[in-house]
1. With a 10 Å radius around each residue's Cβ, average the other Cβ atoms per peptide and rank 143-150, 182-189, 212-219, highest first.
2. How long is the gain from N131 to S219 if the chain were fully straight, where each residue apart is worth 0.36 nm and the alpha carbon distance is subtracted?
3. Give, as a single signed number, the net charge of other residues whose beta carbon lies under 12 Å from the beta carbon of C179, with Lys and Arg counted +1 and Asp and Glu -1.
4. What is the sum of charges around R168, taking Lys and Arg as +1, Asp and Glu as -1, for the other residues whose C-beta is under 9 Å from the C-beta of R168?
5. Can you order the peptides 91-100, 76-85, 119-128 by their average number of other Cβ atoms within 10 Å per residue, highest first?
Amino acid sequence: MRIARIQIVAGPHQGARTYAEVLLDGDGDGDTDPSYLPIADPFDPDTVTTIATSRPVPAEHATLLAPCRPRVILGMAHNTGPADRLLPPQAFHKSPHSVIAPGDAIALEAGHGDIDAEAEVAVVIGTPARNLTRENALAAVFGYTCANDVTDRAAQASDSLWTEAKSRDTYTPLGPWICTDLDPTDLTVQLGDDTGLGPRASTAGLARGVVDVLIYLSSVMTLHPGDVVLVGAAGPSRRLCPGGISRIIVPAIGELTNPVVTIGGAAASPLTMHRGAIPTR
């Protein structure tokens, strides 16, 4: 099952955000056009959906948002290959305010260079989880989505906590939706841009897989529904270029695409940073 979070127009000057099951409707031409069936919030079932209909919403009438609203985002440091297994597990925080949706612009501040994209699988937690074991770790998972762990390399070198490097606005694109029925052991992950695609990698090549990561993190803190864990970059990073796009492809999930822009000051208006036109190849 694919679960998305969407915004639709529910009436004049009124917008509604809701969770929806993604329905892939084939039209006979070899492509699939998604529609969205509104459902209750899977992370807060007591919340009543604001969409007073059970009918599917066509894709052209909906805008994809980030697939969840995490209160906590965690990433795994030095978890990119078998050699990292020699190092102890270590996690870092990313600000939930750094999350953006598919199609939203990754905003690079003028004067900040050496900004890289990292393609990762993100775990979305489904139930409160503490002291998980190898036997029950995956039962705490709601599903998986694509993540772009945008990283400022200069800031990463100067800040041992990686706060400046990882938590700037727009530095955590997520999407396009959450897939709930995947085996995370060997998921193909690929990073690309408007110039082409990088090599294929797999979560099987990570130093620690999803189960090990969840066991470690839940030994430190309680994970809550809707929290997000970026499990590590299985493949090489790629430098972000203003005016281009960044693409995260996990075939079992989908493709997360975001344009890359430069902003001139310490902050940008929402209009500057919102969805830009994605260049075509």
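Please treat every number below as a calculation from the coordinates, not as lab data. None of these values were measured; they are calculated from a predicted model. Please note: Cβ atoms are built from the backbone with ideal geometry, for glycine as well, and neighbour counts cover all protein chains shown.
1. Details: 143-150: 27.0, 182-189: 17.1, 212-219: 20.0.
Per-residue Cβ counts within 10 Å, averaged per peptide and sorted highest first, yield 143-150, 212-219, 182-189.
2. Values: separation 88, 0.36 × 88 = 31.68 nm, distance 0.47 nm.
Between N131 and S219, full extension yields 31.2 nm more.
3. On the way: positive: R2; negative: E21, D181, D183.
Summing Lys and Arg as +1 and Asp and Glu as -1 gives -2.
4. That works out to -3.
5. 119-128, 91-100, 76-85
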